[in-house]
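Just so you know, all these numbers are worked out from the coordinates, no wet-lab data involved. All values reported here derive from a predicted model rather than from experimental measurement. Methodologically, a virtual Cβ is constructed for each residue, glycine included, from the backbone with ideal geometry; neighbour enumeration extends over all protein chains shown.
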Amino acid sequence: MTGLVDTALQAVGVSKPSAQAASASAVMNTYSRFPLTLVRGKGCWVWDDQGNRYLDAVAGIATDTLGHSDRVMRRSLHRQLRRIQHVSNLYRIPEQEELASWLVHNSCADSAFFCSSGAEANEAAIKLARKHGHHRRDIERPVILTAAASFHGRTLAAVTATGQPKYHKGFEPVVEGFDYFTYNDIDSFEAALQKHEADGPKVAAVLIEPLQGEGGVNPGDRTFFQTIRERCSERNILLILDEVQVGMGRSGRLWGYQQLGIEPDAFTLAKGLGGGHAIGALLVKAEADLFQPGDHASTFGGNPFACRAGLTVAREIERRGLLQHVEQRGAQLQQGLELLVERYPNLFEGSRGWGLLQGLVLRDNSDFTAPQLAAAAIDQRLLLVAAGPRVLRMVPPLVMTRREVQQLLERLDATFANAG
Ligand SMILES: *Cc1c(COP(=O)(O)O)cnc(C)c1O
């Protein structure tokens, strides 16, 4: 037990690493890492440098959509590397056109801008929102409303959009033009809208996750989102969804907004889109598409290699029927988690999530934090990631089999049996 807790505390950065260990790395010290070095992967499994095999319910944080070292992905990227890897957006890029067509054909959007990460996609969305505010609502200093406990990335505007003061601390002044409301709370949203719109138009956009991922695997409420949709439409405010974690099939639908019965004016993607390769995107409806040549750009954004990765994920989601698969495996996982909540009532107050994005919610008075339990799971050869201090998150590859979901549940059980 002592060993387990030590490992857990180390992983959450509670105990100080030895001076020797700290100085041995030339990598900047920005992460509290698990004491684990992963060197190889296949499907939903990864191996460490000692040859131990782990079941991966992290998947690069909701990123390795098709699992590790997928055969189709490998072949497709090899072929692309032999042809061409990177050019520049100075030229037309057929792979980019093709991926944009697929995304547009399969969503409510009409066009796509490509970049390389979630934060960068949200930066593009924030610029679009401000342009909308100036041009379509005649606002001098446009405000963007976002939710408390949200997560939108770590660049300066994206981190300001992130409604968690702990991420702002030490980096002030934050970017002007953001204000916050409580997620899934209609009164709080209406109050924020009134505060800024009482003396005429001030709000350019609402930026919000369909399910708050990092903030604790907290699914959006349909009535709440439908109210936001109505208010935005009434006032010509853009409704922008951050689908970086939920989009590309993780919820069992292609897009999180489909779970909520609304359509956004724009939405952002990254994480699962590239199946482990760096790509992000901003998708917009024609009415919201205000960008003109020169307004926005990215050197790496939408290069042939990244777009080939995205296209491969897209095609494999279709070819393997992954949406239905995620729905079924998600239901299996959810049922198993409910049983674990019943079995360990002192640890958990419940479970929540959509599809293969599930969280176990710890009790306030639980003896453990979520990062501690994620560290303890390593002893059971299971990889998990916390979503805040109180939620243990599962975001496995979308290809996880019935048997692997069963193994995931068994390893969770063993982890909690040892901890409790
Ligand atoms: C991870 C995440 C981001 C940030 O993505 P990066 O690629 O790390 O910049 C933004 N929004 C949401 C909802 C995320 O989950």
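Can you find a residue that is assigned to a strand (DSSP E or B), touching a strand residue (DSSP E or B) at 6+ places or on another chain (Cβ under 7 Å) and polar (S, T, N, Q) anywhere in region 346-363?
yes
Can you name every residue in region 60-74 that is part of a helix (DSSP H, G or I), more than 16 Å from the ligand (Cβ to nearest atom) and touching a helix residue (DSSP H, G or I) at 6+ places or on another chain (Cβ under 9 Å)?
72, 73
One line per residue, one yes/no per condition, for (1) small (Gly, Ala, Ser); (2) more than 29 Å from residue 370 (Cα to Cα):
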residue	(1), (2)
132	no, yes
143	no, yes
150	yes, no
188	yes, no
219	no, no
222	no, no
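Residues that are away from the ligand (no atom under 16 Å from the Cβ) and more than 21 Å from residue 354 (Cα to Cα): which helices (runs of 4 or more DSSP H) entirely in region 145-241 hold 3 or more of them?
Once the helices (runs of 4 or more DSSP H) in region 145-241 are filtered for at least 3 residues that are away from the ligand (no atom under 16 Å from the Cβ) and more than 21 Å from residue 354 (Cα to Cα), what remains is 186-197, 222-235.
Over 18 Å from residue 117 (Cα atoms), of a type outside the set (S, T, N, Q) and either touching a residue at least 60 places away in the same chain (Cβ under 8 Å) or more than 14 Å from the ligand (Cβ to nearest atom) (or both), is that true of residue 313?
Taking the combined requirement at face value, the residue does not satisfy it.
Are there any pairs with C-beta distances below 8 angstrom linking a residue in region 355-368 that is under 25 Å from residue 245 (Cα atoms) to a residue that is among the β-branched types (Val, Ile, Thr) and surrounded by fewer than 19 Cβ atoms within 10 Å (Cβ to Cβ), with the two at least 6 apart or on different chains, and if so which?
Correct list of pairs: 360/341.
With the structure loaded, tell me whether residue 310 is of a type outside the set (Val, Ile, Thr) and part of a loop (DSSP other than H, G, I, E, B) or whether it fails that test.
For residue 310, the condition - of a type outside the set (Val, Ile, Thr) and part of a loop (DSSP other than H, G, I, E, B) - is not met.
If you go through region 101-114 one residue at a time, how many are touching a residue at least 60 places away in the same chain (Cβ under 8 Å) and out of contact with any Asp or Glu (no Cβ under 8 Å at 6 or more places or on another chain)?
So in region 101-114, the residues touching a residue at least 60 places away in the same chain (Cβ under 8 Å) come out as 102-104, 106-114.
After this cut, where a residue has to be out of contact with any Asp or Glu (no Cβ under 8 Å at 6 or more places or on another chain) as well, the list is 102-103, 106-107, 109, 112-114.
Within region 101-114, residues that are touching a residue at least 60 places away in the same chain (Cβ under 8 Å) and out of contact with any Asp or Glu (no Cβ under 8 Å at 6 or more places or on another chain) number 8.
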